[in-house]
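In what follows, a single structure is set out as structure tokens and then discussed.
The values are calculated or read from the model by the stated rules, or taken from the named source; none is laboratory data. Please read these numbers as outputs of a predicted model, since none were measured by experiment. Here the Cβ positions follow ideal geometry from the backbone for every residue, glycine too, while neighbour counts run over all protein chains shown. With ligands, DNA and RNA removed, areas are computed over all heavy atoms of the protein, side chains included. Shrake-Rupley method; radii C 1.70, N 1.55, O 1.52, S 1.80 Å.
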Amino acid sequence: MAATSLQTSNTFTAARVQFKNPPQKSSLGSVSFPSHYLHNKGLVLESGKRAQAVTVMASSSEMQVDVSLSPRVNSVKPSKTVAITDQATALAQAGVPVIRLAAGEPDFDTPAVIAEAGINAIREGFTRYTPNAGTMELRSAICHKLKEENGISYSPDQILVSNGAKQSILQAVIAVCSPGDEVIIPAPFWVSYPEIARLADATPVILPTKISENFLLDPKLLESKLTEKSRLMILCSPSNPTGSVYPKELLEQIAKIVAKHPRLLVLSDEIYEHIIYAPATHTSFASLPGMWERTLTVNGFSKAFAMTGWRLGYIAGPKHFVAACNKIQSQSTSGASSISQKAGVAALGLGYAGGEAVSTMVKAFRERRDFLVKSFGELDGVKMSEPQGAFYLFTDFSSYYGSEAEGFGKIENSESLCRYLLDKAQVALVPGDAFGDDTCIRISYADSLTTLQAAVERIKKALVPLRPAVPV
């Protein structure tokens, strides 16, 4: 059998795994597989040798290097979504037929008109640095989009284009938060929000929501948790990981509470705004009375336009705050790719809400959502809140916790259930504890309906031996 080297990120901890005729039990990080399974899949480096870990140590005569890291970095947890995606990819590359439903990435190609704009930028020599804040052409197009689609007015100097919406969020939090400030984050949340707060030396304050209330923030709970230290609240609608969409009436209630606190700003993450299912509608928080002055609106091109690899996002807000973000960017990455910015202009030129190209993708996402909701609704003990946007299903599988799985062990939480499903069903999902709710698992339906059908069949088969341990 040909030797294969596998390097992977653990679902939950980064790890480098090396197998050489694996012993009776081998593992990929914390995801265990029988040794005969790994051997059959070709995860063998050399025959006739046992698994070995290599540790490089400096001799006692050499001066020891200080390898300590900053407390700020040590306080940050690695992203579980990135880790499990990397692990599933490594398994697939090694020949394991894993179905990967962990990443938040559309399976569609970038629309041809957008791709051609990028190609033309290269051919025409538009390959040099742009202004740090982004080209005037793109910022003007963003201003037009925000005015026409979102009902919020900005000038180009109130727009900052970055290398993805994640960078926009990071810079905003660093720009406005001081050590000891509190960042209010409704849970379930996108995995990076609390860690970005910690990078800014701020304290994440997590406000739980309920699946029975569609994972929407209770205004009364918000009001009870705000203090003089509350500096920033992060809202994501449509939501990753739940797909929930905040109705305008609820946002208005939240806005009235925010207005009572002069220090409190709002970061509105609207990256999924176009991936929304009628009758749900999107409302930009900055469009509400009195909220423009204290709202930082983040958006981008990755999700709606299937441009994840182009790395292009932006922030819009009062000039004072955007200028601070611009300063941070000027001393870190500088401006976004010139080629991607040309593609971004083309994307915004497709028409209202992305035109037919985006509506076609949204139609497919809706069909997939409907299939998954129906399929998992047939399982005993499973609870769901039907997503109104994005492309995730955040499903409560906690009734299976406490079950014993033969050859695996006890299913104790979302992490162990995901490990079990990766092991037995060969389906990669993300445990809910990464998003602040251990009762659930996130399933991305940004893949073909055929793939989703195969995944559901595998999951149902793997769950058959696990009778729900908790009455629902």
Over the chain, what is the relative contact order in whole percent, taking alpha-carbon pairs under 8 Å and six or more residues apart? 18 percent
Listed by chain and number, the residues whose amide H is under 5 Å from that of Ala304, excluding neighbours fewer than 5 places away on the same chain and using placed H, are none
Contour excess over end-to-end distance, with Cα ends at Glu148 and Lys460 and 0.36 nm allotted per residue: 107.8 nm
Give me the distance in nm between label points sitting 7 Å out from Cα along the Cα-to-Cβ direction at Lys319 and Asn120, one decimal. 3.3 nm
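Can you give the FRET efficiency for Ser224 and Glu252, using 1/(1 + (r/R0)^6), R0 = 30 Å, r = Cβ-Cβ distance, to the nearest 0.05?
0.95
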Principal-axis tilt of helix 355-377 within the chain, Cα atoms, nearest 10 degrees: 40 degrees
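Charges only on Cβ, +1 for Lys and Arg, -1 for Asp and Glu: so what's the dipole of segment 187-301 about the Cα centre, in debye to the nearest 20?
For segment 187-301, the charge dipole is close to 320 debye.
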Just going by the charge dipole of the chain, with Lys and Arg at +1 and Asp and Glu at -1 on Cβ, which of Gln331, Gln171, Leu452 is farthest out on the positive end? Gln331
In order over segment 403-416: 3J(HN,Hα) from phi, Karplus 6.51/-1.76/1.60, θ = phi - 60°, whole Hz, x for each Gly or Pro, gives 6, 9, 10, 4, x, 10, x, 8, 8, 9, 6, 5, 5, 5
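Under a 1.4 angstrom probe, counting protein chains only, how are Ser239, Ser330, Ser224 ranked by accessible area, largest first?
Working: Ser239 10, Ser330 50, Ser224 80 Å².
Putting Ser239, Ser330, Ser224 in descending order of accessible area: Ser224, Ser330, Ser239.
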Two-site FRET efficiency, Glu406 against Ile206, from Cβ-Cβ distance with R₀ of 30 Å, rounded to 0.05: 0.25
From the protein chains alone at 1.4 Å, what is the descending order of accessible area for Glu223, Glu228, largest first? Glu228, Glu223
Ignoring ligands and nucleic acids, what accessible area does Trp292 show with a 1.4 Å probe (Å², nearest 10)? 70 Å²
For Phe215, residues with placed amide H under 5 Å, excluding near neighbours: Lys210
Report the one residue of Tyr277, Ala428, Ala347 whose Cα lies farthest in the direction of the positive end of the charge dipole of the chain (charges on C-beta: Lys and Arg +1, Asp and Glu -1; origin at the Cα centre). Ala428
Give me the tail of P(r) for the chain as a percent: Cα-Cα pairs with distance above 42 Å. 20 percent
Estimated dipole of segment 374-419 in Debye, rounded to 20 [Cβ of Lys and Arg +1, of Asp and Glu -1, Cα centre]: 120 debye
How much accessible surface area, in Å² rounded to 10, belongs to the heavy atoms of Glu148 with a 1.4 Å probe? 110 Å²
Eligible aspartates and glutamates near Lys210 by straight Cα distance, threshold 19 Å, same-chain separation 8 or greater: Asp218, Glu223, Glu249, Glu386, Asp396, Asp433, Asp437, Asp438
From the backbone phi of segment 96-108, what are the Karplus-calculated ³J(HN,Hα) couplings (6.51 cos²θ - 1.76 cosθ + 1.60, θ = phi - 60°) in whole Hz, Gly and Pro given as x? 7, x, 7, 8, 9, 10, 9, 7, x, 9, x, 8, 7
Positive-end extreme of charge dipole, segment 194-353 - chosen from Tyr246, Met291, Thr209 (charges on Cβ): Met291
Just to confirm the number: angle between the C-alpha axis of helix 165-176 and the first principal axis of the chain, 0 to 90 degrees, nearest 10? 60 degrees
First compute the accessible area of the chain with a 1.4 Å probe, then give the percent of it belonging to carbon and sulfur atoms. 52 percent
Inter-site label distance for Lys77 and Lys260 at 7 Å from Cα along Cβ, in nm: 3.1 nm
Write down Rg/Rh for segment 377-472, rounded to two decimals, with Rg from the C-alpha atoms and Rh from the Kirkwood relation over Cα pairs. 0.93
Using modelled amide H (1.01 Å from N, peptide plane; none on Pro or chain starts), what sits under 5 Å from the amide H of Ser230, excluding residues fewer than 5 places away? Glu182
With θ taken as phi - 60° and the coefficients 6.51, -1.76 and 1.60, list the Karplus ³J(HN,Hα) couplings across segment 419-431 in order, rounded to whole Hz; mark glycine and proline as x. 5, 4, 5, 5, 6, 8, 9, 6, 10, 9, 10, 10, x
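Over segment 297-351, what is the relative contact order in percent, taking alpha-carbon pairs closer than 8 angstrom and at least six residues apart?
Worked out over segment 297-351, it gives 32 percent.
Within 10 Å, count the other beta carbons around each residue, average over each peptide in 299-312, 343-356, and list them highest first. Can you show the working numbers first?
Working: 299-312: 22.9, 343-356: 18.4.
Listed from highest to lowest mean packing, they are 299-312, 343-356.
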Accessible heavy-atom area order of Leu226, Leu199, highest first, probe of 1.4 Å: Leu199, Leu226
Nearest 20 debye, what's the magnitude of the dipole of the chain about its Cα centre given +1 on Lys and Arg Cβ and -1 on Asp and Glu Cβ? 560 debye
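Note the direction-averaged projected area, equal to a quarter of the hull surface, for the Cα convex hull of segment 302-410, in nm². It would help to have the intermediate numbers written out before the result.
Numbers: hull surface 47.6 nm².
Projected over every direction and averaged, the Cα hull of segment 302-410 covers 11.9 nm².
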All aspartates and glutamates inside 13 Å of Lys225 as judged from Cα atoms, apart from same-chain residues fewer than 8 positions distant: Glu182
Working out 0.36 nm times the residue gap between Asp66 and Val113, then minus their Cα-Cα distance, what length gain in nm do you get to one decimal? 11.8 nm
To the nearest Å, what is the center-to-center distance of segment 291-362 and segment 95-146, using C-alpha atoms only? 10 Å
Counting only protein heavy atoms and leaving out ligands, DNA and RNA, the solvent-accessible surface of Thr135 at a 1.4 Å probe, in Å² to the nearest 10, equals 20 Å²
